[in-house]
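Just so it is clear, none of the values below were taken in a lab; they were calculated from the coordinates. These numbers come from a predicted model, not from an experiment. Please note: Cβ atoms are built from the backbone with ideal geometry, for glycine as well, and neighbour counts cover all protein chains shown.
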Amino acid sequence: MQEMKMKDPILLEWVPFGKLIDKTQIDTGGFSVVYNAIWYKSAVKRPNYKVALKKLNGSENMSTNYFNKIKTYWKLSSDPNFLKFYGMTRDPETKEFMMILQFADKGNLRNTLSNNFDNILWKYKIKYLHNLIHNLQNAHKKGHFHKNFHSGNILLGTTDTCDTNTSVGITDIYDTYIADFGLIGPANEQKSDDKIYGVLPYIAPEVLNGKSYTSSSDIYSFGVIMAELSSGNPPFHDRNHDLDLASNICDGLRPEFGKGTPYIYKKLAHKCMNANSNERPTAEELYRYLNLWNDVLHNDIILSCKEEKIQNMFNKKIPNISTTHEKNPDATYISREFTFNNLPNPVNSPTIISHYLKENINDMDYNTNYGVCIYCNEPYINEELWCEKCDLYPMLEGWTSGNRDIDKLIIDAIYNAINKNENSLFLEWVPFNRLTDIKQIDSSNDEYIATWIDGHSSYKKYHDGNCEKLEPESIEVALTKLKGSQNMIADYLKKIKVDWNHKPDSLRFYGITRDLKTNELMLIMAYKRCSYCNKSLNKELWCKKCDPFCILEGWTSGNHDIDRFIKDTIYNARNKNKNPTFLEWVSFDRFTNMKQIGEGGFAKVYSAIWTDGKPSYKKQDDGSWEKLESEPIKVALKKLNESQNMSAKYLNE
């Protein structure tokens, strides 16, 4: 303490614990507890000054290593953009030391986004980032880096009004501070620099792989914070913060951005989150860009053509984005220690490379160049990364299944859909945590039903070749677990390809996910219910209660009475013998080689080949049914003249 006093005219004081009154706990971190308090007869500021107290867990036996971190924090706190470090005290009961810090009256950035996201305009988001990177730049120039940079360590306050109760809106009068710079790990640990500490979604992939923290690691965390400012939601709030997420991050998974985020913003953030730490921008380079953006959005100046483009990008109306989210109970946003072994080497997602990483940071421009399609190499036509030639289907940024072959299968399925109609089908990779209310319906076959929160992506295709993404809705789906697929992906890929190519339209194959507990793949299918008993249908659209006779989903004759008539013949056949007969509705395109062979007063008769043949079933002793192989057969077709307006009387006949 004496050494610190001699080196800086701003005194670091030892404050008796009794002079800190009205203490209230306001936050808990991984290695500390934070309180606000009134510093009675403060010598640093006016009397009865409001301060923050940071109790360092385990500091009654503080290590030399941790004390050196406090000394570094003291040096940094002389910067006007860092929280002031006023002194220290000691809890007489626990003997743990407490740091006395400037109190930021508006809390941390995470809570601000949760409570007031809709009121934070882009110009204020850029202002926050501009202030943050300025602070980070100053620290990096002095050879220091944070090691635990996340939205909970970004504090907001109003200048020198820390003890006010005035309620103000979100404006640029908020000061932005970085807290806990370099203060990572337990206070009583002698050596912690070789361990991984932090909040998992913000930790750079090379650090997860056991490499040392660097200034570039802080830049990765800054990119994650940019994504969080864009969406309003904490990164990977719907995932377990565990080995699987760490592995996915190393494989190229990155946080989602909010709808309507300017392309240049996402581009800069993804450069920060580059898997190659040597290719990330420096704090100085980031400051140059954010300083330009901040000037354009906040200062009344004459704008160049480039600056007008920047202003227009950020002044677009922000869509209403809900920050209400269901947090996974295992998503943890306080610092803790991690130990990972055998993680994959960090790589970038191929789509992120194509969309955001081809240009060097110094070559970024503000022309309407939104990246290049990975299939046809043509430029995208707008901020949503749509290629006019290949439509919308390469819109796959930020995901990976963790397996390159599965990624390729899904991307190829999407690409192959480009020449089909507006309702063309394509596969999706669905994070397991986007599936809720999972219930097993068939233990013998590992069949489940679930709610897919986001629903299957769908688009409307216009005559000019452009596409509009429609609003998604949650849907009920069926899940089929592929047993042992965590170890036999290549073998199961063959089955997946067959299922994709041969599933009937009535039982759509939506995509693939992975059970986070067993690591096994699961197929996501359309879920159907029996129209009679409301029970779930199996993968062949048979209801086990109503036997095979409810294989009627997905079709209509276009006439309600005919539909009911056919369904009733099927339903009534369920209690009959082993070879029941029932009617079917058959699509006209299933008949070939049609030839007229006769004509009556009210009808014409044709011969034709029924491609699929008449389905037949064998009833088993346990009451279930086995569908037998069918073959094409020759049939007669009788066209009923004027039947497009068939009467109920004629149908009864």
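List of remarks:
- Put a dot 7 Å past the Cα of Asp118, heading toward its Cβ, do the same for Ser607, and the two dots end up 7.1 nm apart.
- Flagged links, alpha-carbon separation over 32 Å, of Lys358/Lys481; Lys69/Lys267; Lys23/Lys327; Lys75/Lys309; Lys141/Lys316; Lys106/Lys439: Lys358/Lys481; Lys69/Lys267; Lys75/Lys309; Lys141/Lys316; Lys106/Lys439
- With the simple spin-label model, which puts each label point 7 Å out from Cα in the Cβ direction, the Asn61 to Lys211 separation comes to 3.5 nm.
- Remark: Thr351, Thr94 ranked as Thr94, Thr351, counting other beta-carbon atoms within 10 Å and listing the fewest first.
- Contour excess over end-to-end distance, with Cα ends at Asn341 and Asp405 and 0.36 nm allotted per residue: 20.7 nm
- Between Asn559 and Lys439, the FRET efficiency estimated from the beta carbon spacing at R0 = 35 angstrom works out to 0.45.
- Phe17 versus Lys141: modelled label distance in nm, points set 7 Å from Cα along the beta carbon direction: 4.1 nm
- Theoretical FRET efficiency, 1/(1+(r/R0)^6), r = Cβ-Cβ of Ala490 and Leu303, R0 56 Å, to 0.05: 0.50
- Extension reserve of the Leu628-Lys595 stretch, reckoned as 0.36 nm per residue once the Cα distance is removed: 9.0 nm
- Gap separating the Cα centres of the range 262-278 and the range 219-255, nearest whole Å: 13 Å
- Counting neighbouring Cβ atoms within 10 Å and putting the fewest first, the residues Phe67, Phe97 line up as Phe67, Phe97.
- The calculated FRET efficiency for Thr24 paired with Asp330, based on their beta-carbon distance and R0 = 35 Å, is about 0.75.
- Rounded, prolate or oblate (a/c below 1.5 giving rounded, otherwise prolate when a/b exceeds b/c) for the range 13-102 by Cα gyration tensor: oblate
- If a spin label sat at a point 7 angstrom from the Cα of Asn291 along the line to its beta carbon, the backbone N atoms of the range 134-156 nearer than 17 Å would be those of 134-142.
- Listed by Cβ neighbour count within 10 Å, with the fewest neighbours leading, Tyr220, Tyr333 appear as Tyr333, Tyr220.
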